[in-house]
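Working notes for the structure below.
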Amino acid sequence: MIRPISRYGAEVLHQPARPVSDITPEITQLVDDMIQTMYAAPGIGLAATQIGVPLRIFVADISLGRNPADLITFINPEFVERDGMQLEEEGCLSVPGFNATLARPSRVVVKGLNRHGEEQVIEGTGLLARCFQHEMDHLEGTLFVDRLRGLQKDLIVRKIKKLSRAGKW
Ligand code: NI
């Protein structure tokens with residue numbers, strides 16, 4: 001089932017998510033819904049908080065569904081390694097219509113459970129490294145806008161508030 005995506009300002013997006021204690025059928029269903037919602041958007045990643053569920057789960061597919069092997073589900077993910085630096089433009093399904101250039105490590109290694117509850121360790125470089133970090137941020141209640149400073153951040157936040165007041169957010 002495709003679920004509605006929460007937008008910047010929704011409380012659930014701005015709080016840390018809780019670890020998943022058991023991979024129950026409800027969690028498997030949630031993961032399926034997240035995958036469907038991500039592909040429908042379309043996006044290359046989606047965290048559970050974005051569909052209003054404060055649990056530490058994200059899905060990612062930098063091929064946007066073209067390569068089934070690229071579909072990744074992480075439950076209770078943790079960083080094992082982070083290094084290098086990349087400067088690229090970034091956006092978010094919860095902040096539609098906005099993007100900004102952001103510095104992120106260029107390589108990360110993430111450890112966590114897959115959808116079957118088995119431990120997996122996945123290295124990401126370039127876009128996948130950026131995607132992993134963006135989704136891990138979501139699980140801490142951080143959006144890319146929160147990583148911006150000064151004018152760049154003020155401008156986006158001001159525009160979002162204006163859209164909100166007009167009932168267009
Ligand atoms: Ni996002």
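Bear in mind that the values in this text are calculations on the coordinates, not laboratory data. As the structure is a prediction and not an experimental result, all values here were calculated from the model. A quick note on method: Cβ atoms are made from the backbone with ideal geometry, for glycine too, and the neighbour counts reach across all protein chains shown.
Residues whose amide H lies under 5 Å from that of Gly45, counting only those 5 or more places away or on a different chain, are Asp61; hydrogens are built 1.01 Å from N in the peptide plane. Each residue of segment 31-45 was assigned a 3J(HN,Hα) from its phi angle through the Karplus expression (A = 6.51, B = -1.76, C = 1.60, θ = phi - 60°), giving 4, 4, 5, 5, 5, 4, 5, 4, 5, 5, 4, x, x, 9, x Hz with x at Gly and Pro. Annotation: amide H-H contacts under 5 Å for Gly52 (H modelled 1.01 Å from N, sequence separation of 5 or more, or interchain): Ser6. Computed from label points 7 Å out along Cα-Cβ, the spacing between Ala40 and Ala103 is 3.9 nm.
Of all DSSP beta bridges confined to segment 11-165, the antiparallel ones make up roughly 95%. Between Val12 and Lys159, the simple spin-label model (points 7 angstrom out along Cα→Cβ) gives 2.6 nm.
About its Cα centre, what dipole magnitude does segment 11-165 give when the only charges are +1 on Lys and Arg Cβ and -1 on Asp and Glu Cβ, stated in debye to the nearest 20?
Numbers: 17 positive and 21 negative charges, 176 e Å.
It comes to approximately 840 debye.
The order of the peptides 154-160, 35-41, 130-136 by mean Cβ neighbours within 10 Å, most packed first, is 130-136, 35-41, 154-160.
Basic side chains Lys and Arg get +1 at the Cβ, acidic Asp and Glu get -1 at the Cβ, and with that the dipole of segment 87-145 about its Cα centre reaches some 60 debye.
Using C-alpha positions alone, give me the convex hull volume of segment 11-165 per residue in cubic angstrom.
Working: hull volume 17.3 nm³, N = 155.
For segment 11-165, the hull spanned by Cα atoms encloses 112 Å³ per residue.
The slack between Asn67 and Arg147, meaning 0.36 nm per residue of separation minus the straight C-alpha distance, is 25.7 nm.
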